[in-house]
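Input: a single structure, listed below in C-alpha cells.
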Amino acid sequence: MIWQLIRRFILVFIAKPYAMLIIGLDVRGRANLPTRGPAIIAANHNSHIDTLLLLSLFPSKTLKQVRPVAAADHFLKTRLSSWFSRNVIGIIPVNRQGAKEGEDVLAGCKAALANNEILVIFPEGSRGEAEEMGAFKSGIARLAEAFPQAPIVPAYIQGAGRVLPRGSKIIVPFNCSAILGAPFTWCGKKDAFMERLRATIETLRADAPPLRWL
C-alpha cells in the first residue's frame, strides 16, 4: 500500500505537471484512454520519456492499474533502477534475450491482464530513431489472442525523440503530442492483427498536429 501511495504522489504531483507544463504535452483522443482493465495501450517508441508521457494521461484513481512493459536487461541493471522501475514506474519486466526452456516471457503481462490491469506496450521492443518506427514484434498479438476481450488502444507519441533522444541523459523541454486511436480487439489471426495495429498507428502519425518548437 505505501508503495502505491508513493507511486501515485510522484506520478501525479511531479511527473504529470512536468509532462503537461514543462514539456507541453498535447493530447488528442483522450476519450479513447481505457478507464479499467484488462486493456492494452500499444504505442511507438522513440524515447524513455514515452512511458512518463503515457502515464501522465491517466487520472490518479486509475494509475494503480497501469503497468508499463519494459526491458528487464535495461531497467533492472542496478539495485536503484530496479527499485525505482518496479515501485514507482510499476513496470512489468520482460526478458528481451528470449525465453529459457519452459519459460513464458509474457507470463507477467498475462497475470496483469488477468488481474484487470492496463498494460502499456511498445511493440517495437526497443527505442528507434526520432520520429521513425521500427518493425513490430508479435508478443502483443499473443497477449491479444490470450485475452480477446481486452481492447487494444493504439497510440502515437510525437516529439519524444527530441525531448530525450536515445543515448541522452538530458531532457530538453520541447513540445510533444500523444494521439490515441479508437480501440479494437483480437481479430482471430496474428498477421491481420499486426497489420491493423501498425496501419492504425501510421494513420495516427499522419494525423498528428505540427509540433511547436518553443
In terms of modelled amide H atoms, which long-range or inter-chain residues lie less than 5 Å from the amide H of residue 185? 152
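By average Cβ neighbour count within 10 Å, what is the ranking of 182-190, 107-115, 136-144, 37-45 from highest down?
37-45, 136-144, 107-115, 182-190
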With a ≥ b ≥ c from the Cα gyration tensor eigenvalues, square-rooted, and the rule rounded for a/c under 1.5, otherwise prolate when a/b > b/c and oblate otherwise, region 49-94 is prolate
Using alpha-carbon positions, the gyration tensor of region 1-93 gives root eigenvalues a ≥ b ≥ c; with a/c under 1.5 called rounded, otherwise prolate if a/b exceeds b/c, else oblate, the class is rounded
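Could you line up 66, 12 from fewest to most neighbouring Cβ atoms inside 10 Å? List each step's numbers first, then the result.
Values: 66 24, 12 16.
With the fewest neighbours first, 66, 12 line up as 12, 66.
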Given a Förster distance of 35 Å, the FRET efficiency implied by the Cβ-Cβ spacing of residue 77 and residue 206, rounded to the nearest 0.05, works out to 0.45
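Enumerate by residue number the trypsin sites (Lys or Arg not before Pro) in region 1-73 meeting two conditions: DSSP loop (anything except H, G, I, E, B), and at most 11 other Cβ atoms within 10 Å of the site's Cβ.
Hits after loop and neighbour filter: 36.
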Would you kindly state how much longer the chain becomes between residue 61 and residue 184 on full extension, computed as 0.36 nm times their sequence separation minus their alpha carbon distance, in nm to one decimal? 41.9 nm
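Laboratory data are not the source of any read-out in this text; all were calculated from the coordinates shown. Keep in mind the model is a prediction, meaning the values are calculated, not measured. We place every Cβ from the backbone using ideal geometry, glycine too, and count neighbours over all the protein chains shown.
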